[in-house]
Amino acid sequence: MNKYKKLLSNSLVFTIGNLGSKLLVFLLVPLYTYAMTPQEYGMADLYQTTASLLLPLITMNVFDATLRFAMEKSMTKESVLTNSLVVWCFSAVFSCFGMIFVYALNLSNKWYLALLFIIILFQGGQSILSQYARGIGKSKLFAVGGVILTFLTGALNIFFLVFLHAGITGYLMSLVLANLGTILFFAGTLSIWQAINFKVIDKEMIWQMLYYALPLIPNAIMWWSLNASNRYFVLFFLGAGANGLLAVATKIPSIISIFNTIFTQAWQISAIEEYNSHQKSKYYSDVFHYLATFLLLGTSAFMIVLKPVVEKVVSSDYASSWQYVPFFMLAMLFSSFSGFFGTNYIVAKQTKGVFMTSIYGAIVCVLLQVVLLPTIGLNGAGLASMLGFLTTFLLRVKDTQKFVAIQIKWRIFISNLLIVLAQILCLFYLPSEFLYFGLALLFCGMLVVNQRTILYIIMALKNKK
């Protein structure tokens, strides 16, 4: 199969597994805003954010190694799964001790903290099994697992928040039960009881997997610092109510992460398979150009409908959150571009470089949040995240040239960015009677800038038919 067609085919498969779950994050925002106050939603989102921080620490990020090692022809599938689950068992023991310790403390929110450890434990198990399915070539099974996780999360959210009015507890219980149900699905369909073989437990292999995965933990923390640390700064500087607005504002750019997550899962497989190809430089460069064009065009188009969409889908308490979205949209763009170049470290098994390029971006992000949040409010969080991810992106562009010489069409790339920035200025400063005309006109300008790429893609699709 042609490498471009294979990438597209894998992307379509992963779309099935991810589209629903990622769209759910966006579609459930109205439910959260009507079922919880800004303060409650802000705290619920904070607990989920904390879980994403602790997940790679407690599980030692073994699920990333599960995918990479499962794709190695020299590794047996049962040895990869068995040794991954051995590491997960150690994380389970740690989580149990964590729950006991937290529950022994006289804290008002100890029940929420105990649920936090359970969420981390089940998310870790679900991640290992889903990445194992993906690594052994069962992409469709991986996709079905994503659909099940989506359905369970949505159904349980409605049950706990609408019918039981369980608030933060219901929100967290939904995550616990949805991940547990997905684990049971993968355990049954993968027949893991037959795949697990205690005879293949190998200390040397565990160390190899951890040697690969452990450098990704600091990177995950740095990525979390770039992507989610603003919750804590906002809580400190502006309060829990502002965190509720922030939670809504950051959910909307998840439209970009929907595509990026789907694409990255397919791209990692293609990038690994094509890494030893003599034409990898052209292939990687072409794919990045198409990715950047698609994401920038999508962002520009969404800027046109951003304000009316937000004002109509959320309750009046959250209506002002639209004005905090644009910089988070740009932050998500640079996050996607950074992730693309970060894949080069993964395929080369040089995972230390992932952390080294992330730490500078995280430092920029954290320092700017301390300066900007007290001075310009919530937009300071978005601006800090955007500049942090931009720093990481530019560093990776330069550093990964030693692995793959990716050529960026800078004239087109920068022109697209300038158009999006002009749209943001229109949103804040253009009078309402001219606003949508101005935004649409700028979008048409972007179509002109990218006309050759758009026409090429249209012709390629026609020839395929």
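The values are calculated or read from the model by the stated rules, or taken from the named source; none is laboratory data. Everything quoted here is computed from the prediction, not taken from an experiment. Cβ placement follows ideal geometry from the backbone for every residue including glycine, while neighbour counts extend to all protein chains displayed. The accessibility values were calculated without ligands, DNA or RNA, using every heavy atom of the protein model including side chains. Shrake-Rupley method; radii C 1.70, N 1.55, O 1.52, S 1.80 Å.
Given the criteria touching a Pro at 6+ places or on another chain (Cβ under 9 Å), assigned to a helix (DSSP H, G or I) and open to solvent by less than 50 Å² (accessible area, probe 1.4 Å), does Gly380 qualify?
On the way: touching a Pro at 6+ places or on another chain (Cβ under 9 Å): yes; assigned to a helix (DSSP H, G or I): yes; open to solvent by less than 50 Å² (accessible area, probe 1.4 Å): yes.
Judged against the criteria, Gly380 is a match.
Taking His278 and the conditions (1) open to solvent by 30 Å² or more (accessible area, probe 1.4 Å); (2) modelled with pLDDT under 85; (3) in a helix (DSSP H, G or I); (4) of a type outside the set (S, T, N, Q), which numbered condition does it fall short on, given that it satisfies the others?
(3)
Just for the range 70-94: of the residues that are out of contact with any helix residue (DSSP H, G or I) (no Cβ under 7 Å at 6 or more places or on another chain) and farther than 18 Å from Lys138 by Cα, which one is modelled with the highest pLDDT?
Cys89
Please state which one of Pro56, Pro38, Pro30 is in contact with a helix residue (DSSP H, G or I) (Cβ under 7 Å, 6 or more places away or on another chain), at pLDDT 80 or above and not acidic (Asp, Glu).
So the residue among Pro56, Pro38, Pro30 that is in contact with a helix residue (DSSP H, G or I) (Cβ under 7 Å, 6 or more places away or on another chain), at pLDDT 80 or above and not acidic (Asp, Glu) is Pro56.
Have a look at Lys312, Lys307 and point out the one that is in contact (Cβ under 8 Å) with a residue 40 or more places away in the chain and basic (Lys, Arg).
Values: Lys312 fails: in contact (Cβ under 8 Å) with a residue 40 or more places away in the chain.
Answer to the selection: Lys307.
Leu368 is checked against (1) open to solvent by 40 Å² or more (accessible area, probe 1.4 Å); (2) out of contact with any Gly (no Cβ under 8 Å at 6 or more places or on another chain); (3) not basic (Lys, Arg) and fails just one. What number does that condition carry?
(2)
Residues checked against (1) more than 26 Å from Thr400 (Cα to Cα); (2) open to solvent by less than 30 Å² (accessible area, probe 1.4 Å); (3) modelled with pLDDT of 70 or more:
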{"position": "Met222", "(1), (2), (3)": "no, no, no"}
{"position": "Asn243", "(1), (2), (3)": "yes, yes, no"}
{"position": "Val248", "(1), (2), (3)": "yes, yes, yes"}
{"position": "Ile256", "(1), (2), (3)": "no, yes, yes"}
{"position": "Glu273", "(1), (2), (3)": "no, no, yes"}
{"position": "Lys282", "(1), (2), (3)": "no, no, yes"}
{"position": "Ser285", "(1), (2), (3)": "no, yes, yes"}
{"position": "His289", "(1), (2), (3)": "no, yes, yes"}
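If Thr453 satisfies every condition in (1) farther than 19 Å from Thr299 by Cα; (2) hydroxyl-bearing (Ser, Thr, Tyr); (3) buried (at least 17 other Cβ atoms within 10 Å of the Cβ) but one, which is the exception?
Condition not satisfied by Thr453: (1).
For Gly167, state whether it is closer than 19 Å to Thr37 by Cβ and touching a residue at least 12 places away in the same chain (Cβ under 8 Å).
yes
Mind listing just one residue for me: the one in the range 188-206 that is surrounded by 14 or more Cβ atoms within 10 Å (Cβ to Cβ) and within 28 Å of the chain's Cα centre (by Cα) and, of those, modelled with the highest pLDDT? Explain how you work it out, then say what you get.
Initial filter on the range 188-206 (surrounded by 14 or more Cβ atoms within 10 Å (Cβ to Cβ)): 189-190, 192, 195-196, 200-202, 205-206.
Add one more test, that the residue is within 28 Å of the chain's Cα centre (by Cα), and what stays is 189-190, 192, 206.
Numbers: Thr189: 90, Leu190: 87, Ile192: 83, Ile206: 87.
The residue in question is Thr189.
Out of (1) surrounded by fewer than 15 Cβ atoms within 10 Å (Cβ to Cβ); (2) not in a helix (DSSP H, G or I), the odd one out for Leu421 is which?
So Leu421 meets the others, but not (2).
So which of Leu152, Leu129, Leu156 ends up being at pLDDT 85 or above and over 20 Å from the mean Cα position of the chain (by Cα)? Give the steps one after another, and end with the answer.
Values: Leu152 fails: over 20 Å from the mean Cα position of the chain (by Cα); Leu129 fails: over 20 Å from the mean Cα position of the chain (by Cα).
Unique residue meeting the criteria: Leu156.
Scan the range 316-333 residue by residue and report those that are touching a Ser or Thr at 6+ places or on another chain (Cβ under 9 Å) and open to solvent by 10 Å² or more (accessible area, probe 1.4 Å).
Asp317, Tyr324, Phe327, Phe328, Met332
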